[in-house]
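The structure appears below as structure tokens.
The values are calculated or read from the model by the stated rules, or taken from the named source; none is laboratory data. Since this is a predicted model, take the numbers as computed values, not measurements. Backbone-built Cβ (ideal geometry, glycine too); neighbour counts: all protein chains shown. Please note that ligands, DNA and RNA were not included when accessible areas were found on the heavy atoms of the full protein model with its side chains. Shrake-Rupley method; radii C 1.70, N 1.55, O 1.52, S 1.80 Å.
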Amino acid sequence: MLQGMRGLANSFIFKILFAILILSFVIWGVGDIFNATTKGTPVAEIGKTKISQQELAASFENKLRTLQAQYPSVTRDLAIKMQLPQTQMQEIVQQSLINEEASHMGLIISDEQLLNTIKGISAFQDNAGNFDPIYYRSYLQNTGLTERMFLDRLRQDMAKMQLLQFMDRTPALPEKIIEDIYSYRHEKRTAQEIFISSEDQISAVTLPTDEEVSKFYDAHLTQYKAPEYRSFVVATIAPSNLLRKVTATDDEIKAHFDERKSAFITKPSRDLEIVQSNSEEDAQKIATAINQGRSLEDAAKENNGNYIARKDATRTSLPFADLVEPAFNLKDGETTQPIKLALGWFIVKATNIVDSKEPSFDDYKDQMEEEILEKKANDLLYDETTAIDDFIGEGNTIEETAKKFGMTLYTVDAASETGQDPSGSVALTSPIATNILESVFSDNAEIGIPSLLEETDQQTYYVFRLNKIIDSAPRPLGQVKDDIRNRLIATKSAEAALKLAQEIAEKVNAGTSLKAIATEKNLKLSETGDITRKSGQLAPSDNEALPMTVITKLFATQQIGQAVTGQNNKGAFVAVLTGIKQVDLSKEDDGLKNLKSELTKQGGEDLMKQYLASLRQAHPVHVNNTLVTQMFPLSDDAQSE
């Protein structure tokens, strides 16, 4: 088995699997992998595995940080609109499916396999390709992992690779097929083109009559149908509504501070520079160079040493326990002599020393008071909801209930199931609008009858009364008449542009030059430059770029001088084929190799998709898509755009 995995290491499938291994750290975030809480309603269930909301949230935040590092303009709202939460949910589902199957099959990774894999990871190797413990420990420190955490996770991911290595069986394609595909993709063509703007044809078309507008309206009623709207009033209560009812005494604040005091103590820390050497001789050379004024980093590079920098290091954060006392006995700016440890010789320098500092009560008083008030408000919430239920049960209205208990009251005249009012604006701005709308539009909602008090995952309760249902109906013709008229004009002008293009093409194919026609009709004639099937025009044209529909027709003909037509949303085109350029395969060795790699990759990806689909049958997947949406609401500004 181990030999099989070694053979797999250079394959494309192995790269997919190694990416899966890395993704498992990226998706959840290092700390969250091992400390994820499963409180609350699961956002998904894959076989026996339950995915918590915290896991999905951590995955989203990690991916968002990665995106923002590459593209600073990507905001949280934009990521949500781009369906990033749903994408990360699918990543987690795929991870969990493979974990479930590996567990089901009882796959076991031996200690020998685990050790050999660690030694083979390039990040843990020195310049000579040998395993270096200092790099290994440095990685654990930088990621915040204990060694046991890392080994357990690696063992799990190796089981995944063991499970999936059978997929590296994509058959090699014959060279002739690869050459034919490459020739097909890279064949180039050139053409002359003219563009006929639809807007320029408006003056040539007859304006739509009222009868035409009315006929179009009747034929497309569903396109102009307003959704069902519902009118309702809703009252919500959360701990924030109860803060006015709770207080905190000075004694309570002080007692709470004393309980939490240890969390605010400033731990002693310092910036450390550490040099490790495998021999005493090199360590002494490094020490001499440092004494002569060389920096630790330069001295290490010049004398076969390994350099590590640790900012804000604490006694518990150093990867080498035997270095703690020497490092923390240094004064600011001091450097140790070479120290012999099991992993070699070490030299340490300390700077920016921060001593332990006791927290001041005055500095944390406001924070302690807020925490006490929030806890008391949370504790009071249950009693308040019981009283609210009783008060409504006595026949009081939601408006009266909201006033008595200090609830937040929303009156909505008309909201669609997606939360818009008839103008398209957000109808309900509550943070739990999704929960409320789902209840308001449920079959259980009855006009005039208060609902039961319902709880959400956000520690917020709500009660509503449905006032009216406004049935879905077509908007009056008067409201959409101008829109229909403009659509008909656009359609007629586009048809006129295409008809003119087709007439010109017929003349060209009958023997008239495109240049002569362009001059006669005062249309701009341009040369396209090289065109390929895949990329379209390879260089900017001084005319409107040909759409792919026209390019496809140019590649469908072998006749130089043949005219073809097509259109886009701006107008119509006439293009005349002027040249065919075949690729010289004798000069395309790199391109052919890349194509072969691409086709192999596609085969591997297809296998992966098919395998994941089969795992879904063996381990049922249930994703709460409504909850996923609720977890990532857009900001008020984004909702109003």
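Sort 216, 131, 573 by accessible area with a 1.4 Å probe, largest first. Present the calculation step by step, with values, prior to reporting the outcome.
On the way: 216 35, 131 70, 573 0 Å².
Largest accessible area first, the residues go 131, 216, 573.
About the Cα centre, and with charges only on the beta carbon of Lys, Arg (+1) and Asp, Glu (-1), how big is the dipole of the chain? Nearest 20 debye, please.
Around 2200 debye, computed over the chain.
Which is farthest toward the positive dipole end of the chain among 117, 424, 174, measuring Cα position about the Cα centre, with Cβ charges +1 (Lys, Arg) and -1 (Asp, Glu)?
174
Which of the lysines could be linked to residue 492 by a straight reach, that is with a Cα gap under 17 Å, when you skip same-chain ones fewer than 8 residues away?
Qualifying lysines at Cα under 17 Å: 215, 481, 570.
Could you state the number of Å between the C-alpha centres of segment 283-303 and segment 406-480?
Centre-to-centre distance over Cα atoms comes out at 71 Å.
Any aspartates and glutamates with Cα under 13 Å of the residue 254 Cα? List them, leaving off those in the same chain fewer than 8 positions away.
Cross-link targets: 362, 363, 366, 369, 370, 371.
For segment 269-358: lysine pairs with Cα atoms under 19 Å, gap of 8 or more or different chains, count?
Going through segment 269-358 pair by pair, I get 10.
About the Cα centre of segment 448-537, what is the dipole size in debye to 20, counting +1 per Lys and Arg Cβ and -1 per Asp and Glu Cβ, all else neutral?
Values: 14 positive and 12 negative charges, 102 e Å.
In total the dipole reaches around 500 debye.
Could you give me the ³J(HN,Hα) list for segment 356-368, computed from phi with Karplus coefficients 6.51, -1.76, 1.60 and θ = phi - 60°, whole Hz, x at Gly and Pro?
Couplings: 4, 9, 6, x, 9, 4, 4, 5, 10, 4, 4, 5, 5 Hz.
In square nanometres, what is the average projected area of the Cα convex hull of segment 301-376? Kindly include the intermediate steps, with their values, before the conclusion.
Numbers: hull surface 32.1 nm².
Over all viewing directions, segment 301-376 projects a mean Cα-hull area of 8.0 nm².
Would you be so kind as to identify which of 557, 213, 85 lies farthest towards the positive end of the dipole of the chain, taking Lys and Arg as +1 and Asp and Glu as -1 on Cβ and the Cα centre as origin?
Sorting the options by dipole projection puts first 557.
How large is ³J(HN,Hα), in whole Hz, for each residue of segment 225-231 in order, when computed from phi with the Karplus curve 6.51 cos²θ - 1.76 cosθ + 1.60 and θ = phi - 60°, using x for Gly and Pro?
Ordered by residue, 3J(HN,Hα) equals 8, 6, x, 5, 10, 10, 9 Hz.
How large is the accessible surface per residue of segment 437-536, computed with a 1.4 Å probe and reported in Å² as a whole number?
Numbers: 5880 Å² over 100 residues.
Here the residues of segment 437-536 average 59 Å² of exposed surface.
With only alpha-carbon pairs counted, each pair once and no self-pairs, how large is the Kirkwood hydrodynamic radius of segment 262-325 in angstroms?
One over the average 1/r among Cα pairs gives 13.0 Å for segment 262-325.
Go ahead and estimate [θ] at 222 nm for the chain from helices alone: -39,500 (n - 2.57) per DSSP H run with n ≥ 4, summed, over the residue count, rounded to 500.
When only DSSP H runs of four or more count, the value is -15500 deg cm²/dmol.
Could you pull the Rg and Dmax for segment 186-299, using just the Cα atoms, both in Å?
Rg then Dmax for segment 186-299, in Å: 40.2, 99.
From largest accessible area down, sort 454, 199; use a 1.4 Å probe on the protein chains. Let's see the in-between values first.
Values: 454 65, 199 145 Å².
So, going from the largest accessible area down, we get 199, 454.
Identify, among 368, 351, 397, the residue whose Cα sits farthest towards the positive end of the charge dipole of segment 342-422, taking +1 on the Cβ of Lys and Arg and -1 on the Cβ of Asp and Glu, with the dipole about the Cα centre.
351
Give the dimensionless ratio obtained when the Cα radius of gyration of segment 193-234 is divided by 2.2 N^0.38 Å.
On the way: Rg = 19.1 Å, N = 42, 2.2 N^0.38 = 9.1 Å.
Scaled against compact globular proteins, the figure is 2.10.
Ordered by packing density, taken as the mean number of other Cβ atoms within 10 Å over each peptide's residues, highest first, how do 257-263, 339-345 rank? Write down the numbers at each step before the final one.
Numbers: 257-263: 12.4, 339-345: 15.1.
So the order, starting with the most tightly packed, is 339-345, 257-263.
What is the sum of charges around residue 471, taking Lys and Arg as +1, Asp and Glu as -1, for the other residues whose C-beta is under 11 Å from the C-beta of residue 471? Provide the component values of the computation, followed by the final result.
Numbers: positive: 225, 230, 468; negative: 228.
Overall, the nearby charge balance is +2.
Below 8 Å between Cα atoms, with a sequence gap of 6+, how large is the relative contact order for the chain in percent? All intermediate terms of the calculation are to be shown ahead of the outcome.
Values: 886 pairs, mean separation 149.7, N = 641.
This gives 23 percent for the chain.
On a straight-distance basis, which lysines could pair with residue 176 in a cross-link, Cα separation under 30 angstrom, same-chain partners fewer than 8 positions away excluded?
Within reach: 15, 188, 534, 553, 581, 587, 593, 596, 601, 609.
Just how much of residue 52 is accessible, in Å², when a 1.4 Å probe is used and the result is rounded to the nearest 10?
Estimated to the nearest 10 Å², residue 52 gives 0 Å².
Express the Stokes-Einstein translational diffusion coefficient of segment 431-577 in µm² s⁻¹, to the nearest whole number, given a Kirkwood radius over alpha-carbon pairs, 10 °C and a viscosity of 1.306 mPa s. Don't jump to the answer; show the numbers that get you there.
On the way: Rh = 20.7 Å.
The calculation lands on 77 µm²/s.
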